[in-house]
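First the structure, in the form of structure tokens, and then the observations on it.
The values are calculated or read from the model by the stated rules, or taken from the named source; none is laboratory data. Here the structure is a predicted model, which means the values were calculated and not measured. Methodologically, a virtual Cβ is constructed for each residue, glycine included, from the backbone with ideal geometry; neighbour enumeration extends over all protein chains shown.
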Amino acid sequence: MMLLNPAIMALVMVSAVVCLMMLLASGFAVRVLLRWDIDSGSERQLRLERRTYLISTLLIWAFSFQLMSLLLFIYNAESMSGQFVGAMCATGVLNVNAWGWPTLFLKMGVFFSGAVWIALNYLDNQGYDYPLIRYKYLLLLAILPLVITELILQLLYFTNMDPNVITSCCGTLFSAQSEGVAAEVSGLSPSSMSLGFAFTGVMVISSGVWVALRGQNGWLFALLGSTAFIVALMSIVSFISLYIYEHPHHHCPFCILKSGHDYVGYILYVPLFIATALALSVGAVSPWRGISSLTPTIESIVPRLSWIAVMFFALFYLVATWSVWTSHLTMMEVWW
């Protein structure tokens, strides 16, 4: 039974603990939304103010666990590829049943949502009047269904794994001759995607530097960061992976995580995810500059987050460019 796999047990336990933490925090969130009154000196208000720090700490740990869960989920899918007929990498393992890919996407969504919540929570805690407390707990209640759904889908995914099922390999899914989104991305023109990749890279880094220096247009940095994230993933499938594998028809975004390719996938994905999460956080905290109790913190934290995000974006683009530049595969003649 797959649930007896240590990595799978760890993933299920982490998701269950995170879900429990979120449920406990959501109960407190409802009380805050109904009873919070910063102008009141009642005992009930004092209890709410004291407990909000405890709940905040609990949620920070919960969302940190979610990041580890995302990394472990991908690593586990890659490590289990030898247990299923037809699976060459994580792609085949995720294709074992209908729940693999939705679980991965939900984990990504919870990770980014959690990063934004942590940024808002930090900002709110710096204000003497907690001006964002209702907003951050409304966001928490919006994230809760994602966490619960992710736990359910993950359980369905692991409990419905059948080692006797012949699954699809990455060569089948990420092929221009196949059908579906993955096939369409694989079939995109490498020349067009390389231009789009370079353009979004320049735009997001320039935007980040502008926000870091000027402290303005954080929303634009978040928007460009999200766009760059999507284009980067499409570019990895469309052309970057080809250069890493030195094969003109191997588009898999997961085989680059293997030791045979020096685990370069981790050096690409980790900075990209961190940079995107930071860009979204900048976009989440910037609009509150007009609140006097938050202005000093925003003027301090926005440049700091922006510089760190720019650093991670730059690392991602440097690694991707280096992977293409040092590859023995030559495709420019075909592109042009």
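Miscellaneous remarks
- The single condition from (1) among the acidic types (Asp, Glu); (2) surrounded by fewer than 15 Cβ atoms within 10 Å (Cβ to Cβ); (3) assigned to a helix (DSSP H, G or I) that residue 78 fails is (2).
- Some residue of the stretch 109-127 being under 20 Å from residue 269 (Cβ atoms) and over 15 Å from the mean Cα position of the chain (by Cα): no
- In summary, residue 91 fulfils each of the numbered conditions (1) among the polar types (S, T, N, Q); (2) crowded, with 20+ Cβ neighbours inside 10 Å; (3) more than 21 Å from the chain's Cα centre (by Cα); (4) at pLDDT below 85 with the single exception of condition (3).
- Some residue of the stretch 5-20 being of a type outside the set (Ser, Thr, Tyr), free of Cβ contacts under 8 Å to residues at least 40 places away in the same chain and buried (at least 18 other Cβ atoms within 10 Å of the Cβ): no
- Residue in the stretch 307-336 that is modelled with the lowest pLDDT, counting only those that are of a type outside the set (A, V, I, L, M, F, W, C) and closer than 17 Å to residue 200 by Cβ: 321
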